[in-house]
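Chemist: The structure's right below; bear with me while I get my questions together.
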Ligand code: CA
Ligand code: ZN
């Protein structure tokens, strides 16, 4: 199986990056990833002020997918996400929603044992491993891996988990997929600016879809179809996600504008992915059963 080690990484999604590896459509690929600090934090004495910010959010890759051309969609089936036996959290530096109230930087290393994150001596939680950064190269200038957008990347979405299918746009030849920033656990919003940041190993199957009209980025899991959208404000991100799904229902299910709007208002859920990155990300979820009722099948 093709395996890309963590020492082949990028800090931006950029069409000019040289690929680490090439894969064919339908191939399974393993990405070994470093945490969002590039492994710089190994003890609680290391606080964010001392970090090399040029090596933040490393994403392993990029992977060149043969046959992927602009206008195609890259289907990414997440087969497995393994996380390490510890995670890192930091705060301070004015980052995050509560940054203005935190006057000192702090680092916390959280042990991960028996499938649980040990938060403190009172609290431990089952892990819910997810991928923070996963995206393709944009057509224009490169975009730092800290910034999400129409090309995916740092969406920090709690639905990008084992078993989910993620659909990303192909903007440049080869797609140039990169993956990083795993979280053992994160709450919707990521309000403190990080999840339980961890190294790990991601196994995915990639396929190139031609003539695919799904909006991207888009997720399908066993319960929901989910449109993702990133924008400067959370309001715009929420509205953008709803509008993406609205357009999808009209174009692919042939719903009228009234039906699509009313349906989303009745059964659709707008949720926040994160409100702390340079662009904010939201998602619109609808149950798969709606699509089944219209005979719609995902590629
Ligand atoms: Ca992130
Ligand atoms: Zn992260």
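The values are calculated or read from the model by the stated rules, or taken from the named source; none is laboratory data. Note that the structure is a prediction, hence the values are computed from the model and not measured. Cβ coordinates were reconstructed from backbone atoms using ideal geometry, including for glycine residues, and neighbour counts include every protein chain displayed.
Chemist: Would segment 44-55 turn up any residue that is within 15 Å of ligand 1 (Cβ to nearest atom) and touching a residue at least 40 places away in the same chain (Cβ under 8 Å)?
Modeler: So in segment 44-55, the residues within 15 Å of ligand 1 (Cβ to nearest atom) come out as 48, 51, 53, 55.
Within this subset, residues satisfying the condition of being touching a residue at least 40 places away in the same chain (Cβ under 8 Å) are 48, 55.
Yes, the conditions are met somewhere in segment 44-55.
Chemist: Sticking with this structure for a sec: Specify which of the listed residues (109, 134) is part of a strand (DSSP E or B), assigned by TED's automatic domain parsing to the domain that holds residue 188 and more than 22 Å from the chain's Cα centre (by Cα). Give the steps one after another, and end with the answer.
Modeler: Numbers: 134 fails: more than 22 Å from the chain's Cα centre (by Cα).
Matching residue, one of 109, 134: 109.
Chemist: Continuing with the same structure: Filtering segment 24-58 down to residues that are within 15 Å of ligand 2 (Cβ to nearest atom) and modelled with pLDDT under 90, which residue is nearest to residue 175 (Cα to Cα)?
Modeler: 55
Chemist: Now, a different point. Identify, by number, the condition in (1) within 18 Å of the chain's Cα centre (by Cα); (2) away from ligand 2 (no atom under 16 Å from the Cβ); (3) under 19 Å from residue 165 (Cβ atoms) that residue 273 doesn't meet.
Modeler: Every condition holds for residue 273 apart from (2).
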